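Here the structure is laid out as structure tokens; the discussion comes afterwards.
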Amino acid sequence: MSPLEVHDLSVSYGRLIALREVSMSLAEGETLFVTGPNGAGKSTLLKAVARIASPSRGRIVFCGEDTKDYTPEQMARAGFSMVPEGRHVLGSLSIEENLRLGTGMRQDRDAVARDLEEIYQAFPVLCERRSTTAALLSGGQQQMLVIARALMTGARVLAIDEPSLGLAPKIIDQVFEILMRLRDSRGLTLLIVEQSSTRAVIAGGRMLLLRGGRVVLEGMARELDAESLRRAYFGFEADGSDRVQPGEIRCNT
Amino acid sequence: MQYLVDALSLGSLYALGALGIALIFGVMRLVNFAHGSIIACCVFSLIVPSVEAQAQLLAGRLPDWVLVPAVLAVGAGLSVVSEFVVFRRLRQANPATMMIASFALGFTIQNVLLLLYSSRPKSLDLWSQLGQSVELWGARIPFLQLITIGVGLLTLSALSFLLKHTRVGIEMRAAAEDFTMARMLGVRANAVITLTFAISGALAAAIALLLVSQTGVADIRMGLPIMLVAFIATVIGGLGSLAGSVAAGFLLGAVTVLLQVVLPLDARTFRDAFLYLGVIAVLVWRPQGLLASPTTVSRI
Amino acid sequence: MLLSLLLLAVAVAAALTGSEAVERTASEMFIRMVLVIGLYIFVGNSGVMSFGHVGFMCIGAYASAWQTLPVAMKQLVLPGLPQWLLDSSISPLPAAIFSALLVAVVALISGLVLMRLSGIAASIATFAFLAVVNVVYSNWDSVSAGTSSVVGIPVYANLWVTIAWAIVAIAIAFFYSVSRYGLALRAVREDPVAAQACGVWVYRERLVAYVLSAFVVGLAGVLYAHFLGVLNPDAFYLDNTFLALAMLVVGGVSSLSGAVVGVLSLSLLIELLVRMEDGVRFGETMLSLPGGAQEVLLGVAMILMLIFRPGGLMAGREIVWRKLF
């Protein structure tokens with residue numbers, strides 16, 4: 001059973017249509033990168049799955065259940081955890097409190113304790129400063145915290161929106177390295193919104209390219225060539241048929 | 001010494017009020033202008049509806065150990081009902097709308113009380129024996145003031161414990177800081193909000209009991225002055241900081257007493273004006289409040 | 001402009017009924033309209049909720065009273081006034097202008113301080129301002145007769161005077177909103193950072209709106225004094241603040257039409273409820289509400305209106321000629 005299926009999803013913010021009949025699916029254990037230019041609807045897709053944004057049309061099926069009437073809490077309890085854009089660390093709580101926050105819905109205390117140990121081992125910097133107020137952490141540390149926190153919910157499907165935003169390259173490397181290790185050790189299914197396609201290739205994942213609220217390209221990251229990626233990203237047809245002639249002015253919708 | 005106790009006792013009252021307002025503001029960004037009416041309601045639950053000047057006890061007849069929880073339950077219950085009926089539907093509305101709605105609610109409740117009880121203040125004897133003075137460190141202090149301070153400190157420590165060391169408390173703090181994020185982590189939004197309202201209502205009830213005991217009067221407008229000061233304390237203390245509101249409550253109590261003492265006789269009637277001018281000064285100096293949490297300053 | 005015609009229609013209708021009570025009610029409504037329009041100029045355009053404007057009304061009202069009371073009465077009741085005020089008594093229109101100007105000056109001074117604040121802090125500060133004004137006027141007996149009322153103020157604010165001023169208020173508000181000051185302030189309301197990046201000086205724009213709105217509200221105070229003939233600081237405190245803000249929010253806080261519609265609808269509702277309390281004839285039967293139920297129903301009605309239209313009745317839109325045809 002595929003953990004996530006999206007059928008003809010449309011999402012609008014008032015009169016602004018953010019997603020137009022997008023369909024996609026996630027296979028168990030796979031890593032899907034969603035990329036595309038600004039305003040393509042990537043965050044909206046994740047928010048719709050998390051039930052933060054309401055679809056105007058279409059269906060989202062999570063682990064076999066139609067999530068039409070789910071609240072965000074119910075999605076979390078169903079095993080879906082989202083790390084939204086901008087980190088959203090709960091600054092007035094300590095690191096440990098942040099991590100424990102997501103464990104409220106888990107029944108098995110021993111598993112929770114073991115998980116916490118494992119997380120602290122994977123993220124040593126969090127372990128060191130476990131009683132510090134989260135607001136005092138650096139950007140990279142905060143990103144690690146929110147990923148760790150999402151993992152503590154015991155989720156099987158993890159969605160992360162722009163994990164590298166505002167972080168230095170070396171830190172991004174660190175974050176991704178830990179993320180991939182945990183993915184492998186726990187068999188997670190990942191849905192990542194990410195500007196850079198290189199990481200998709202390194203992570204061995206599939207890629208979904210959105211533009212203007214539609215899916216314009218899809219495939220295994222390794223197999224997509226740079227040229228077709230560039231075209232899709234910036235809005236050109238794959239076969240070059242719409243190449244602009246010298247002297248021609250065209251507006252791209 | 002007398003002044004110190006006065007300040008602490010008034011400060012406790014203000015701090016309890018500030019906490020009641022700050023809790024709801026934290027979770028819902030709602031300034032609950034109905035709080036004062038809830039206080040009044042709790043007071044009037046003690047007496048039979050009538051227009052007489054002398055009140056007959058209703059709930060007031062119950063033995064003390066039943067009376068206190070009963071009134072607390074009235075406060076909490078009323079608060080929760082108001083959330084369910086009014087505020088739940090307005091969660092997405094803009095702050096101005098929510099504010100006016102809470103004003104309207106307070107107005108409505110006050111006028112219901114008016115219908116039932118008339119606007120004449122009634123005399124009400126609740127624990128008046130506590131008004132007797134106690135000799136302490138050379139000053140004669142009404143026992144009630146000590147009780148007020150005691151209740152204040154006890155409530156504050158209990159709540160503090162709740163918020164810091166229990167799961168529920170952590171969830172409440174998380175919801176107060178970033179509601180949506182908390183939901184995404186599985187925190188049950190409705191449960192947290194309901195609980196917050198209930199606690200706020202219970203705090204209102206506590207204030208009601210202390211006020212009635214202190215003044216011996218039941219007046220439908222009783223809750224208003226405290227609510228206004230509580231409102232101010234919440235902002236001065238720093239939005240998003242519960243500790244700040246409590247501190248500001250005590251500060252306002254202390255300053256009020258201080259002004260009363262320090263101002264020359266002629267100016268005493270203007271005491272409140274000075275207090276409010278001081279409030280403006282504080283706000284201009286530190287608009288985010290005295291103890292604003294580090295996360296309230298938003299990044300661009 | 002359409003709004004003015006609408007109001008004129010109401011005024012004419014009221015005059016036609018020939019009933020003095022109706023005319024008085026309509027006058028009072030127009031006075032409230034001036035108040036709420038003044039409130040809109042600041043609150044609607046800046047997005048900052050102000051609780052203090054009724055304080056300006058108080059200042060304006062008393063200022064006009066000081067100028068227009070008969071001299072003999074003044075010397076008896078308000079001995080603390082400066083000699084030049086005690087000695088003379090001037091006619092209403094100049095008094096009104098001077099009063100409003102005084103209010104504007106007070107607004108300028110207080111605004112210099114308050115406009116540095118934003119959001120909730122500013123709202124609380126305005127509330128503190130209201131409280132200060134109330135305490136001062138309630139206690140400075142020699143100048144304001146404290147909590148006992150000032151009586152004997154010449155009453156001239158009848159239906160036509162009030163509607164004239166209401167139209168003036170609408171004009172002021174309208175020209176402000178379409179001016180670049182209004183536009184700049186609304187930009188600040190929507191996104192302060194972006195507005196500043198466009199060169200808008202937040203502080204100045206807010207101050208302009210604040211002073212202008214205080215001027216209009218001061219006029220409302222003047223009208224109020226000359227409508228009632230009696231003044232008391234209690235009239236300028238919480239109840240009226242709440243009512244004015246409610247009328248603004250119920251009508252729709254971000255449009256001028258909202259302010260007007262809010263006043264109209266709530267005034268109508270209040271009138272209706274008061275009538276129902278007195279008893280309404282339905283053929284043979286007499287239906288009436290118990291005394292005091294009127295306010296309860298008013299409160300409930302307001303809550304319901306907000307639940308069903310949280311943006312207000314006009315939800316930020318204006319009544320414009322074009323949209324009707």
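The values are calculated or read from the model by the stated rules, or taken from the named source; none is laboratory data. Predicted, not measured: the structure shown is a model, and the values here were computed from it. Neighbour counts run over all protein chains shown; Cβ positions are idealised from the backbone, glycine included.
Could you grab me the full set of residues in segment B:68-85 that are modelled with pLDDT under 85 and within 14 Å of chain C (Cβ to nearest Cβ)?
Answer for segment B:68-85, where residues must be modelled with pLDDT under 85 and within 14 Å of chain C (Cβ to nearest Cβ): there is none.
Select from segment A:119-147 the residues that are among the basic types (Lys, Arg) and over 21 Å from B:Asp178 (Cα atoms) and list them in ascending order.
The answer is A:Arg129, and nothing else.
In segment B:173-207, how many are touching a residue at least 60 places away in the same chain (Cβ under 8 Å) and away from chain A (no Cβ under 11 Å)?
Final tally of qualifying residues: 14.
Of the conditions (1) under 22 Å from the mean Cα position of the chain (by Cα); (2) facing chain B (nearest Cβ under 10 Å); (3) assigned to a loop (DSSP other than H, G, I, E, B), A:Asn98 clears all except one; give me its number.
For A:Asn98, the failing item is (3).
Taking B:Ser102 as the residue in question, decide whether it is more than 14 Å from chain C (Cβ to nearest Cβ), at pLDDT below 90 and buried (at least 16 other Cβ atoms within 10 Å of the Cβ).
Here the answer is no, as B:Ser102 does not meet what is asked.
Would you mention how many residues in segment C:87-144 are surrounded by fewer than 22 Cβ atoms within 10 Å (Cβ to Cβ), of a type outside the set (A, V, I, L, M, F, W, C) and away from every other protein chain (no Cβ under 14 Å)?
6
Taking into account only those residues within segment B:151-185 that are modelled with pLDDT of 85 or more and part of a loop (DSSP other than H, G, I, E, B), which is surrounded by the most Cβ atoms within 10 Å (Cβ to Cβ)?
Among them, the one singled out is B:Leu185.
Quick one: in segment A:50-80, of everything that is part of a loop (DSSP other than H, G, I, E, B), more than 10 Å from chain B (Cβ to nearest Cβ) and crowded, with 18+ Cβ neighbours inside 10 Å, which residue is nearest to the chain's Cα centre (by Cα)?
This residue is A:Ala53.
Select, from A:Leu151, A:Leu182, the only residue that is in contact (Cβ under 8 Å) with a residue 60 or more places away in the chain, in a helix (DSSP H, G or I), more than 14 Å from every other protein chain (Cβ to nearest Cβ) and in contact with a helix residue (DSSP H, G or I) (Cβ under 8 Å, 6 or more places away or on another chain).
A:Leu182
Output the residues belonging to segment A:188-220 that are assigned to a loop (DSSP other than H, G, I, E, B) and more than 16 Å from the chain's Cα centre (by Cα).
The answer is A:Gly212, A:Gly213.
Looking at segment B:1-48, which of the residues that are of a type in the set (Phe, Trp, Tyr) and under 12 Å from the mean Cα position of the chain (by Cα) is nearest to B:Leu116 (Cα to Cα)?
Once the filter is applied, the top-ranked residue is B:Phe33.
Mind listing whichever residues of segment B:208-232 are without any contact (Cβ under 8 Å) to a residue 60 or more places away in the chain and not in a helix (DSSP H, G or I)?
Hits for segment B:208-232: nothing passes.
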